[in-house]
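Notes to accompany the following structure.
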C-alpha cells in the first residue's frame with residue numbers, strides 16, 4: 001500500500017447512502033441472477049461480501065436491519081491472539097486467531113485495530129500459583145505472536161510490574177496487599193461496528209450491492225424471497241449461490257443448522273468512577289483458572305466491564321437484554337480489586353450479545369452438560385442439500401478467515417469462475433500504515449475512527465462551523481460525524497446514527513439527549529421532494 005494510495009480521501013464507489021440503496025435494490029429485486037447472495041451484514045457477512053466481490057464475482061448482501069445490528073456490535077472490542085484457546089488445548093484456533101489479529105493490525109485495518117495494554121493486578125485474591133500460571137500464559141501468548149509473524153513493534157512483550165508501576169497504570173486498584181502486576185498486550189478495535197461499516201464500504205467499492213432493511217422471508221440455494229422493510233414491498237433476488245451469514249439466526253433460515261447461543265454481557269460506567277485508566281484490567285474470576293473480567297477504557301468518557309458467558313434458551317431476540325444477575329456478577333468481580341465501591345446506580349448502560357456457537361459435543365457426552373464457556377470457538381461451513389452455504393461459530397477476530405472459507409465453499413458448490421481470496425492483503429476503507437496516519441493534521445480520535453478519511457470528516461466543519469459542535473457536551477462525537485454517516489456510511493435513521501455509527505446509544509440517558517440533534521441532522525441531510 002503506497003502512501004499515495006493510502007491518503008486518498010474517499011475510496012471510489014465506497015459511499016453508502018439512501019439513494020444508492022434505493023437504486024441498487026430496484027436493480028436487484030426481480031433482476032438477473034447475481035453470482036453470490038450474502039444474508040447477514042455483521043462482520044462475517046460483510047467480510048464474505050468483500051471476499052467474493054474482490055474475487056470478481058457479482059455480489060448482493062442483505063440484512064433485515066442495519067450494518068452490525070446483531071452480535072458484531074456487542075463484543076468486548078478485542079481482536080485477540082487466542083491465548084484462552086491455547087490454554088484450553090485448541091492450538092489451531094489459537095494460531096488462527098493470532099494470524100488474523102496480525103492481518104488486521106498490520107495490513108488491512110491498522111487505523112481501527114491497535115495494541116491495547118492490560119494489567120493483571122496481583123492482589124491478595126491472586127495466589128502466587130495463579131500468578132505464575134497467568135505469567136506463563138502471557139509468555140505463551142507472545143510465542144503465538146511470534147509464530148503468527150506479528151512484529152514486536154506492533155505488540156510489545158509482556159512484563160512484570162512493581163506495585164508502584166501497577167498503581168500508575170490503574171490508580172483505582174486497591175493498594176492494600178498489592179504485590180505488583182502483570183502487563184500484557186493484545187489487539188483492540190476502536191469500535192466493532194465501525195469495523196463492519198468499513199468492511200461494507202470496501203465491499204461496495206469492489207462492486208457489491210450492500211442493502212440494509214431487506215428481510216429474507218424464504219431462502220434457497222437459488223436465491224431468496226425478500227421484503228423491503230421500508231416500503232413493505234416483496235420480491236425475489238436470484239443468485240447462483242447463497243451464503244447464510246446470519247449468525248445466531250442462521251438456523252431460522254436453513255433447516256438442520258444447530259446454534260447454541262451464549263450471552264456475553266457488559267456494563268458501561270462513566271470513566272470518572274474508575275479514575276484514570278491508561279491500561280485495561282484483567283481481573284481473575286474467583287474459582288476459574290482461565291477466565292477474566294475485563295475492564296476496557298474507551299477513550300470517550302466511558303469504561304466497559306465484561307463479560308459473562310451464559311447459555312441462552314428459547315427464542316432469539318433482535319436486541320438481547322442484559323439481566324440483573326449478569327450485572328451483579330460483573331460488579332462483584334470488579335469490586336474485588338478497586339478501592340472505591342462501584343454501585344448499581346453507577347451503571348449508566350449495559351449491553352449483551354449472543355455468540356453463535358456451534359456445539360461440537362464429544363460423542364457420548366450429553367450436550368447440556370457442557371458450559372458455553374467450554375464450547376470451541378471454531379467456525380464451521382456447512383452446505384445444505386439445496387446448496388445454501390452457512391457459516392457459523394467463530395468470533396470477531398477471525399471473521400476474515402470465516403468469510404474466506406464460506407466463499408471458497410460457495411465457489412465450489414456453484415462451480416463459479418473466481419480468483420483466490422485477496423482479503424488477507426486488501427486494506428479496508430481508511431486504512432494506512434501508522435507512519436502515514438501520524439502525518440495527517442487531525443485529532444487522534446478521528447484517525448482511530450476514520451483513518452485516511454479523517455481529514456474529509458473534519459473538512460465538513462470547515463465548510464459549516466455548526467458541524468463542529470458536539471452532539472453532547474460530555475461526548476466527543478460531532479454533528480459532522482453524523483452527517484458523514486448519512487452521506488457515506490449508509491445511516492438511514494436515528495438508531496443507525498446513535499446506536500451503530502457512533503455508540504452514543506449505549507447509555508440510554510445520552511441517547512435521549514442526542515435524539516433531537518440526530519433528527520435535525522437527518523432532516524437537513526435528506527433532500528426535500530418537490
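Quick notes
- If you go through segment 441-476 and pick out every residue that is in contact with a helix residue (DSSP H, G or I) (Cβ under 7 Å, 6 or more places away or on another chain), buried (at least 20 other Cβ atoms within 10 Å of the Cβ), in contact (Cβ under 8 Å) with a residue 40 or more places away in the chain and closer than 28 Å to residue 399 by Cβ, you end up with 5.
- Residue 486, sole failed condition from (1) in contact with a helix residue (DSSP H, G or I) (Cβ under 9 Å, 6 or more places away or on another chain); (2) over 18 Å from residue 193 (Cα atoms): (2)
- No other residue among 68, 61 is buried (at least 23 other Cβ atoms within 10 Å of the Cβ), in contact with a helix residue (DSSP H, G or I) (Cβ under 9 Å, 6 or more places away or on another chain), at positive phi and not in a helix (DSSP H, G or I) apart from 68.
- Scoring residue 168 on the criteria (1) surrounded by fewer than 20 Cβ atoms within 10 Å (Cβ to Cβ); (2) assigned to a helix (DSSP H, G or I); (3) in contact with a helix residue (DSSP H, G or I) (Cβ under 8 Å, 6 or more places away or on another chain) leaves a single failure, condition (3).
- Residue 49 vs. criteria within 24 Å of residue 427 (Cα to Cα) and in a helix (DSSP H, G or I): yes
- Flag if residue 300 is assigned to a loop (DSSP other than H, G, I, E, B), over 27 Å from residue 179 (Cα atoms) and assigned by TED's automatic domain parsing to the domain that holds residue 125: yes
- Single match in 180, 81 (criterion: at positive phi and surrounded by 15 or more Cβ atoms within 10 Å (Cβ to Cβ)): 180
- Qualifying positions in segment 418-440 - touching a strand residue (DSSP E or B) at 6+ places or on another chain (Cβ under 9 Å) and surrounded by fewer than 18 Cβ atoms within 10 Å (Cβ to Cβ): 434
- For the residues 241, 259, 248, 225, the requirement of being crowded, with 21+ Cβ neighbours inside 10 Å and either out of contact with any strand residue (DSSP E or B) (no Cβ under 7 Å at 6 or more places or on another chain) or modelled with pLDDT of 95 or more (or both) singles out 241.
- Every condition in (1) outside any helix (DSSP H, G or I); (2) surrounded by 23 or more Cβ atoms within 10 Å (Cβ to Cβ); (3) touching a helix residue (DSSP H, G or I) at 6+ places or on another chain (Cβ under 8 Å) is met by residue 37 except one, and the failing one is (3).
- Of all residues in segment 94-113 being more than 18 Å from residue 43 (Cα to Cα) and in contact with a helix residue (DSSP H, G or I) (Cβ under 8 Å, 6 or more places away or on another chain), the one that is surrounded by the most Cβ atoms within 10 Å (Cβ to Cβ): 94
- If the condition is being farther than 24 Å from residue 142 by Cα, touching a helix residue (DSSP H, G or I) at 6+ places or on another chain (Cβ under 7 Å) and without any contact (Cβ under 8 Å) to a residue 60 or more places away in the chain, then segment 171-195 contributes only 178.
- The set of residues from segment 303-317 being touching a helix residue (DSSP H, G or I) at 6+ places or on another chain (Cβ under 7 Å) and at pLDDT 95 or above comprises 303, 305.
The values are calculated or read from the model by the stated rules, or taken from the named source; none is laboratory data. Bear in mind that the values here come from a model prediction, so they are computed numbers and not experimental data. Glycine gets a Cβ as well: all are built from the backbone with ideal geometry, and neighbour counts include every protein chain shown.
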